[in-house]
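Since the structure comes first, as structure tokens, the remarks are kept for the end.
Bear in mind that the values in this text are calculations on the coordinates, not laboratory data. This one's a predicted model, so the numbers in the text were calculated from it and none came from an experiment. Don't worry about glycine lacking a Cβ; one is built from the backbone with ideal geometry, like all the others, and counts go over all protein chains shown.
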Amino acid sequence: GAFGLNRANPREAMASLRWVEAHITGGPTRGLWIYPQGSILPQDSRPLKLERGAAFIASRLEARIVPVACRFEFRDLTKPEVFVLLGEPVIATSPDHELNEEMTLALTELVDTLQRSIAADDFDRTRPALTGGRGVDTLWSMIKAPFLKRLPPPAP
């Protein structure tokens, strides 16, 4: 399932965080996907600013936090590719405010690493999770290719 936090109402937001704290326990197979920025922003927005809810939950559960960077890139395609890079786990042993800083640094480094890798076509650490489909330009090239082979070379 999915849920959101009503950050405009601190009491409701805290109730949601407490609900997660109560229901996510139960062993190492449990997981929770959190968008810690609290809103959808352009992928190159800096500095990253993480809200405190993820650190609040993680520190109470002594959770292992795995930062995830995700980018949508068109590169040379007409439809986007999706790249995903997983970071090293951050163990929640610090107080909330320190953990939030650790998470912010880890996520910023990971997102920047992914961006640099894609810009340099360096895919040692990542591959497209979803590959963009063929666009009209690719289809047109396939259609005209047989005809171009039959034409005589241009005169000198």
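General observations
- Extension gain for Lys79-Asn6 works out to 22.9 nm (0.36 nm per residue, less the C-alpha to C-alpha distance).
- The peptide list 82-93, 35-46, put in order of mean Cβ contacts within 10 Å with the highest first, becomes 82-93, 35-46.
- Modelled this way, with points 7 Å down the Cα-to-C-beta line, the labels at Glu62 and Arg18 are 2.3 nm from one another.
- Count Lys and Arg as plus one, Asp and Glu as minus one, and take only other residues whose Cβ is under 13 Å from that of Phe72; the net charge is then 0.
- Put a dot 7 Å past the Cα of Leu32, heading toward its Cβ, do the same for Phe147, and the two dots end up 6.0 nm apart.
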